[in-house]
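Worksheet for the structure shown next.
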Amino acid sequence: MLNQVYRSGSQSFNHLLPWVKSTAVSRSHRVQPSAIRHVRYWSNIPFITVPLSRTHGKSFAHRSELKHAKRIVVKLGSAVVTRGDECGLALGRLASIVEQVSVLQNQGREMILVTSGAVAFGKQRLRHEILLSQSVRQALHSGQNQLKEMAIPVLEARACAAAGQSGLMALYEAMFTQYSICAAQILVTNLDFHDEQKRRNLNGTLHELLRMNIVPIVNTNDAVVPPAEPNSDLQGVNVISVKDNDSLAARLAVEMKTDLLIVLSDVEGLFDSPPGSDDAKLIDIFYPGDQQSVTFGTKSRVGMGGMEAKVKAALWALQGGTSVVIANGTHPKVSGHVITDIVEGKKVGTFFSEVKPAGPTVEQQGEMARSGGRTLATLEPEQRAEIIHHLADLLTDQQDEILLANKKDLEEAEGRLAAPLLKRLSLSTSKLNSLAIGLRQIAASSQDSVGRVLRRTRIAKNLELEQVTVPIGVLLVIFESRPDCLPQVAALAIASGNGLLLKGGKEAAHSNRILHLLTQEALSIHGVKEAVQLVNTREEVEDLCRLDKLIDLIIPRGSSQLVRDIQKAAKGIPVMGHSEGICHLYVDSEASVDKVTRLVRDSKCEYPAACNALETLLIHRDLLRTPLFDQIIDMLRVEQVKIHAGPKFASYLTFSPSEVKSLRTEYGDLELCIEVVDGVQEAIDHIHKYGSSHTDVIVTENENTAEFFLQHVDSACVFWNASTRFSDGYRFGLGAEVGISTSRIHARGPVGLEGLLTTKWLLRGQDHVVSDFSEHGSLKYLHENLPVPQRNTN
């Protein structure tokens, strides 16, 4: 029998085991077994059995479904397992892969490993033996440099495989043992799949190993493998010859009815042209039939098969009902989590699917938004304003259809969303009318936004420089439970000439769909329908944040958790927004009694879920136990606001409200922290220490104190005797806002039209060269400021 199943006990490479043990132990604390249904025992060895999460027979249609994969084959290519010098194993990489496989195995999944590396390991060992077997005299009489240059004969691959198999398995055994996982080796050849009895034996052995919670480690038996047969593959589901580990992994995946095959190589996946070329783009999803449009390059630096072999094997497995992902297992920044990322459904490598989406991919939408945005930016200001006016008219003319779609969203969200989120989700006639008014304000303010000259300089005679406003490019706006956000943001993007990708929450799917259709209808009047795109695919937000080649700015609109997640996920793309809205109101000792209660009530109670709602009330110490303080407390009690006492405030009270857990809390509800300060400087210090640089207010009748507060508080919005709720683009007269930014670069505070523009420099000359301005040149720099055309403020 060529099938060899055994638990390796080889001690041939004990010198590697201490390294393996120390590496694996340092990682093992992260392995958390979960999803264990019940435990059985076999010969005193516990093993876990978990019922299959789905019926096998059809591959997954979308990446998001991969998290349901129960039985998974991971194929490690030679380039993944071996070092760059092709002699020896990449031990750190292997340890990371074993950790990931162990994590998934301990989650209750059934993992099968198809590995290369025996030839490389054997090559390392045989080279070492050959060097040692050289005559002692030759070694003694040769210098160290000459010893290094001693000729090593070409090593036959089968011999290397024979020498390396036991050592490779011993290494895997030592690594998996650190995670309390048993591993078993199976060596196969093509004959084992063509002989029916051997095939049944192999199938039974693998099933028994999986039943006992053992990870099978499978490899072609390269010590006895025959030469490759003529290519007669893919004539049917059951006729793929095992010529390399790619075909072996595919054959094994189909035979074992696995849910997912992960093929790790030294490239990111499939590209539409040779990787490394200027216009090469990674193919996110590959469909049967697409191989005609792909040009395959050379094969991997080591191993039997190239990318063409991997694609053939992947398509064969896909035809047999197994989903496939080809990804990079060698990149140091991703190899430590590439397998778990794939299983979690993240956009890694190329995913093979039989189901083509009805619409464009998000990458295609990004390119359409880029192209449409550039055309939009070249329109006359009056044309962009006309588009926005038409959208405003559609919001009022199509109110019935919009409200009907919104009613569906509300009905589906009933019982699933909290009351504040349901309020955000709800649209009404008055909301739509207000939206239309805001859009017309944006249209009026957009007349000279794009292409406005900010600075003119005469560099030299007939050499003039201009700085002009231009769009940022393509914006990605991610918003939750706020369908009214869509037309607002779309109007701002249109006015500023930006392309736009919109990703709304699924709870507002019906409302977002009709509002986007109306937006595209308005854009169509000037042929720029594709400038605004609504992402309807199953793209995860984290995956969208990685599209740094397509997106220039991300603007999150939603909870503080959403903003934090996006700021963490965005790689190479700036994020405009704020993660928290911890707004303060300081009541000074010279505050007006009539003003204080009105301002506190409006700031806290008018809309407590808003990011500009009051969260911390700072009160001057002299106001404690005064009628003003009593009025504030009585008003909050009437409004049913729960009070949390700050440390200093609690110290003044015999029986105090619950002491605040943190002074950096955004409640987003009818809850409020009250703290006592000694004066305006302590209030400012408190705001700088615990605030989020959003919006902060002083209430006082002393103008000097107020101006001191306004000048010294370092927040995006600082007010005197005004509610925090005024921190809003519409209330500022911006027409609308894409969000409120607390960052210190570019835009800050409510971000309207101006915040979506950047600049470029235009230089107009007549055959000017820098050498003319050298010490002995004929020209001199003038650097004269020239008048700037007056801005149209009508």
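The values are calculated or read from the model by the stated rules, or taken from the named source; none is laboratory data. No experiment lies behind these values; they were computed from the predicted model shown. Reconstructed Cβ throughout: ideal geometry from the backbone, glycine too, with neighbour counts over all protein chains shown. SASA here: full protein model, heavy atoms, side chains in, ligands and nucleic acids out. Shrake-Rupley method; radii C 1.70, N 1.55, O 1.52, S 1.80 Å.
Among the residues of segment 374-428, those identified as more than 16 Å from GLU507 (Cβ to Cβ) and among the hydroxyl-bearing types (Ser, Thr, Tyr) are THR375, THR378, THR396, SER428. The single condition among (1) under 33 Å from the mean Cα position of the chain (by Cα); (2) on the phi < 0 side of the Ramachandran plot; (3) surrounded by fewer than 19 Cβ atoms within 10 Å (Cβ to Cβ); (4) in a loop (DSSP other than H, G, I, E, B) that LYS689 does not satisfy is (4).
The set of residues from segment 720-741 being of a type outside the set (Asp, Glu), touching a residue at least 60 places away in the same chain (Cβ under 8 Å) and open to solvent by less than 30 Å² (accessible area, probe 1.4 Å) comprises ALA722, SER723, THR724, ARG725, SER727, GLY735, ALA736, VAL738, GLY739, ILE740, SER741.
Residues considered: LEU585, LEU562, LEU534. Of these, the only one that is in contact (Cβ under 8 Å) with a residue 60 or more places away in the chain and within 32 Å of the chain's Cα centre (by Cα) is LEU562.
For residues that are closer than 20 Å to ILE632 by Cβ, of a type in the set (D, E, K, R) and in a loop (DSSP other than H, G, I, E, B), tally how many sit in segment 665-686. Reasoning before the result, please.
So in segment 665-686, the residues closer than 20 Å to ILE632 by Cβ come out as 665, 667, 669-680, 682-683, 686.
Now restrict to residues that are of a type in the set (D, E, K, R): 669, 671, 675, 678, 682.
Within this subset, residues satisfying the condition of being in a loop (DSSP other than H, G, I, E, B) are 669, 678.
Looking only at that region, the number is 2.
Scanning segment 162-196 for residues that are under 17 Å from SER247 (Cβ atoms), open to solvent by less than 10 Å² (accessible area, probe 1.4 Å) and part of a helix (DSSP H, G or I) yields ASP192, PHE193. Checking each residue in segment 760-772 for being at negative phi and either within 49 Å of the chain's Cα centre (by Cα) or part of a strand (DSSP E or B) (or both) picks out LYS760, TRP761, LEU762, LEU763, ARG764, GLY765, GLN766, HIS768, VAL769, VAL770, SER771.
Pick out the one residue from THR616, THR695, THR665 that is touching a residue at least 24 places away in the same chain (Cβ under 8 Å), touching a Leu at 6+ places or on another chain (Cβ under 8 Å) and under 30 Å from GLU480 (Cα atoms).
On the way: THR695 fails: touching a Leu at 6+ places or on another chain (Cβ under 8 Å); THR665 fails: touching a Leu at 6+ places or on another chain (Cβ under 8 Å).
Matching residue, one of THR616, THR695, THR665: THR616.
So which residues in segment 748-759 are at pLDDT 90 or above and either open to solvent by 80 Å² or more (accessible area, probe 1.4 Å) or assigned to a strand (DSSP E or B) (or both)? Listed by number, the residues that qualify are LEU757, THR758, THR759.
For segment 204-219, the set of residues classified as surrounded by 15 or more Cβ atoms within 10 Å (Cβ to Cβ) and over 21 Å from ALA162 (Cα atoms) consists of THR205, LEU206, LEU209, LEU210, MET212, ASN213, ILE214, VAL215, listed by residue number. Checked against (1) crowded, with 21+ Cβ neighbours inside 10 Å; (2) out of contact with any Gly (no Cβ under 9 Å at 6 or more places or on another chain); (3) part of a helix (DSSP H, G or I), ARG199 passes all but a single condition, namely (1).
The set of residues from segment 536-553 being touching a Gly at 6+ places or on another chain (Cβ under 8 Å) and hydrophobic (A, V, I, L, M, F, W, C) comprises LEU547, LEU550, ILE551, LEU553.
For the subset of segment 394-416 comprising residues that are of a type in the set (A, V, I, L, M, F, W, C) and open to solvent by 40 Å² or more (accessible area, probe 1.4 Å), which member is farthest from ALA490 (Cα to Cα)?
The selected residue is LEU410.
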